[in-house]
Amino acid sequence: MEFPSEETYIPKIRDFSDFFLNPKETEEEVVGIGGDLSTSRLLYAYTHGIFPWMDKPLLWFSLDPRAIFDLNVLHLSRKVHRKIRQKKYTITMNHAFEQVMRCCSYRSEEQTWITDTFLKGFTEFHRQGYAHSLEVWNEEGLLGGGVYGVAIGKFFAGESMFSFEPDFGKIALHYLFQILKRDGFTLFDTQQMNPVTLSLGAYEIPKSKFLERLTSAVEVPSKWKPSRLEI
């Protein structure tokens, strides 16, 4: 008997329609309460326009409108572009996923939504090949910035980014956009608009339009194997 290779294996997504409200049929933004962050539930959620946010209880959202990025548009200042050209950093992918998540969870003056529940669930999602990180290391070899998110088919959901070194999070996003474009991604979800994503070029579309684009992007819900970084 021949088994499919890892490169061609397409997972069978377990049906959680009895747990979640259907985002196509409801105006409610909270479409699920409780459950867990198992890989099977996360796969169903992200391929249906749903994402977890908040813990105790675990809340699942499908927002209207939805904030997205055009992968050809990222607004960065001249200062950031100059830092990118200077290359006083090292870029890696998937070398420190859990560390990136923990750095994203750090908040000096507010409570984080990236709890231990999220850390455990998404780290396992990463081990299963659906969550990814991009790291930016400074000249001393310390993690200075990064970004992480979920990739299914040609869809990427950006979850969070951080900068311990000035602008390193934006540098991470720059390289993430470059590799996603090269690998043929068609939709970048940033979920909810905030001042940072707005300044970087994110914009909002109706939920109905987002779900149409999502259905096309995850038609083949394959795992992403990032192509080689070009620095």
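The values are calculated or read from the model by the stated rules, or taken from the named source; none is laboratory data. Note that the structure is a prediction, hence the values are computed from the model and not measured. With ideal geometry, Cβ positions are generated from the backbone for all residues, glycine too; neighbour counts draw on all protein chains shown. The accessibility values were calculated without ligands, DNA or RNA, using every heavy atom of the protein model including side chains. Shrake-Rupley method; radii C 1.70, N 1.55, O 1.52, S 1.80 Å.
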| task | Roll a 1.4 Å probe over the protein heavy atoms and report the accessible area of residue 161 in Å², nearest 10. | result | 60 Å²
| GNM top mover of 206, 23, 221 - the chain, alpha-carbon springs below 10 Å | 206
| field | Nearest-10 value in Å² for the accessible area of residue 95, using the 1.4 Å probe | value | 140 Å²
| query | When all protein chains stay in place, what accessible area (Å², nearest 10, 1.4 Å probe) is found for residue 53? | reply | 60 Å²
| query | GNM on the chain, C-alpha springs below 10 Å: top fluctuator among 195, 52, 166? | reply | 195
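Which entries in 24/170; 87/181; 88/225 show an alpha-carbon gap greater than 23 Å?
Correct reply: 24/170; 88/225.
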| Any idea what the relative contact order of the chain is, in percent, if you count C-alpha pairs under 8 Å spaced at least 6 apart? | 25 percent
| task | Using the Cα centre as the reference, give the magnitude of the dipole from point charges on the C-beta atoms of the chain (Lys, Arg: +1; Asp, Glu: -1; all else neutral), rounded to the nearest 20 debye. | result | 920 debye
